[in-house]
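First up is the structure itself, then whatever we jot down about it.
The values are calculated or read from the model by the stated rules, or taken from the named source; none is laboratory data. Small disclaimer: the values here were computed from a predicted structure and weren't measured. No Cβ is skipped: glycine too gets one built from the backbone with ideal geometry, and neighbour counts run over all protein chains shown. Please note that ligands, DNA and RNA were not included when accessible areas were found on the heavy atoms of the full protein model with its side chains. Shrake-Rupley method; radii C 1.70, N 1.55, O 1.52, S 1.80 Å.
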Amino acid sequence: MNFKKNLLVKLFIAVATTTLLFSCSKSRDYKDSSRATGWKMNSKEGGFQYNPKAKEQETGPGLVFIEGGTFTMGKVQDDPMHDWNNAPNQQHVQSFYMDETEVSNLMYLEYLDWIKEVFPPSDENYRRIYEGAVPDTLVWRNRLGYNEVMTNNYLRHPAYANYPVVGVSWIQAVEFSSWRSDRVNELILEEEGFTSRNARYEVEAGQTFSTDTYLNAPTMTYGGNDSITRGGKRSDQLAKRNEDSTNLYVQRKDGLLMPSYRLPTEAEWEYAALGLVGLRNYNVYRGRKKYPWDGQYTRSKNRRSRGDQMANFKQGDGDYGGIAGWSDDGADITAEIKSYEPNDFGLYDMAGNVAEWVADVYRPIVDDEFNDFNYYRGNVYTKNYIDKDGQVKIVTADSIVYDTLSNGRIVARNLPGEILQVPIDEDETYLRTNFSTSDNRDYRDGDKRSTRYYQSFGGEDDDAEQDDSKRMYNSPTHRVSASEDSISDNELDRQYDKSSGRTTLVNNEVRVYKGGSWRDRDYWLDPAQRRYFPQDMATDYIGFRCAMSRVGSKSKKGKRPRH
């Protein structure tokens, strides 16, 4: 009996001790505490603050989600130009977002309307901003063709509102993307109650909103007008709860603001156009695709639409649409967006209609030996300009920087309210192994280390000593300069390259464009085809669409077994 009694006593003590320890450990609730320090987060008394309700990235206006993956980039079938400038190579693309359609005239007109309202062209200080953003409508002219109706109407007439914008240079497409980023994030802050209602309709030239300015120097946003920047109801609530001024504004760690709209890289565009997700079988792809749709032909094989063309392209000499009354593709010039079926990613017109600018600088190779992850040629790294007082420098109406392009057009490099950008220097490159310079456009294909002459392209510092015959790419060097007064008097010094010994148009200012257009034959519809055009020029067959990087998980949904 004593043995049993002692055993029961020991068991009782053990259970009691375990319960006590468990209750003690349970009393220390780490649910809202740091796993690093145990300190409580989001405490009213202070400490680290973060957004526990932040979820995955929302899909921005006009975008669709493209789940990334591995694919064979490059020509897999036809090479009509026999230049073999995109040999097949395997690349991996991270998940991203892409415009469902090409940017339309209506979308671009909204951009022009905003510029006209904020930077009125009637003001001589801002005239060049608007003029630099307007598409070149004269691209429709043909010396042996009558196209004046498009020259006068295509951009602005409501009949063409939902047609893809053309006459836009690569530089203009980049500027539109930057403007779009700021307007989307500006609306988010207003709807979430951080900024004052409808302030975006009333801002003046010196009070524009910039996402980068808001994140890096929020007190300088809207020209330093705090009644706008902190004019929302939610800002008042934050001010009552926080003495720390850094928590009075939305920060990147809150996960509220979206990444920037931008042009897609060539790899992203080609991957998205192929839409291989529809041909996936376990971890390989079934067969090969020649077009964004399944099959080897340009006509539909579906019963209801059998025989219809799947894209808008030129089918032969003088055949831009087919016979009147029964059109092959329903268009002679461009077609209204969403006129044809989307590909397996839900993207429209990834073949035909208009070709599209992508972000990359053109080179006749894709250097997969150096990189096979998010491939992109065109990195020019910059940083915020910091003055001697440690403050970022905000561009004002008096400090707008204008660029004079090779075709004589003058465009604004930045707008008031943005942070002035300067090239990175030794502070960022010292003892790094992954990058060493600000400008990487000609890395491994045009820099000193990669040319057989060990001679640079020739920058501003060594132009006088540059031997034209020993450049990596012997392209024309047009020079157009403007005096300080030329912004108002329209006087430009144009020095066109008159040399007859040039051998190529390839240089650091030519960009890749992808996809066929209404002017192209069907072999250009292959997503692997790549061409190039000067970044400061425009045509009647090149448009663009925007992309956005995805932050966080690769896929939107958890993976489930196939069976």
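A few comments on the model shown:
- Model label points for residue 251 and residue 44, set 7 angstrom from Cα along the Cα-to-Cβ axis, are 2.1 nm apart.
- Kirkwood estimate for segment 294-365, i.e. one over the average of 1/r between Cα atoms, Å: 13.7 Å
- A probe of 1.4 angstrom, applied to the heavy atoms of all protein chains, finds residue 494 with accessible area near 120 square angstrom.
- Measuring nothing but how far apart in sequence close Cα pairs (under 8 Å, 6+ apart) lie, relative to its length, segment 305-407 scores a relative contact order of 16 percent.
- Solvent-accessible surface of protein heavy atoms, probed at 1.4 angstrom with all chains present, puts 82, 92, 478 in the order 82, 478, 92, largest first.
- Given their separation in residues at 0.36 nm each and the Cα-Cα distance between them, residue 427 and residue 369 gain 18.0 nm when the chain is fully extended.
- Taking all protein chains together, 510, 149 sort by accessible area into 149, 510, largest first [probe 1.4 Å].
- Burial ranking of peptide ranges 200-208, 499-507, 340-348 (average Cβ count within 10 Å, highest at the top): 340-348, 200-208, 499-507
- A straight chain from residue 382 to residue 67 at 0.36 nm per residue would run longer than the Cα-Cα distance by 110.5 nm.
- Extension reserve of the residue 112-residue 215 stretch, reckoned as 0.36 nm per residue once the Cα distance is removed: 34.5 nm
- P(r) tail fraction, segment 49-140 - alpha-carbon pairs more than 18 Å apart, %: 72 percent
- Here's the picture: charge each Lys and Arg Cβ at +1 and each Asp and Glu Cβ at -1 in segment 46-146, and of 50, 104, 144 the one pushed furthest to the positive end of that dipole is 50.
- Environment charge at residue 195 (Cβ cut-off 11 Å; Lys +1, Arg +1, Asp -1, Glu -1): 0
- In terms of accessible area, using a 1.4 Å probe and ignoring ligands and nucleic acids, 45, 190 rank largest first as 45, 190.
- Each residue, residue 201 and residue 37, gets one label point 7 Å from its Cα in the Cβ direction; the gap between the two is 4.6 nm.
- Net charge of Cβ neighbours under 14 Å - reference residue 132; Lys, Arg +1; Asp, Glu -1: 0
- Residue 444 accessible area, 1.4 Å probe, all protein chains in place, Å² to nearest 10: 100 Å²
- Estimated FRET transfer efficiency when R0 is 45 angstrom, pair residue 143-residue 308 (beta carbons, to 0.05): 0.85
- Within the shell defined by Cβ-Cβ distances under 10 Å, the residues around residue 423 carry a net charge of -2, with Lys and Arg each +1 and Asp and Glu each -1.
- Rg ratio (alpha-carbon, reference 2.2 N^0.38 Å) - segment 390-433: 1.56
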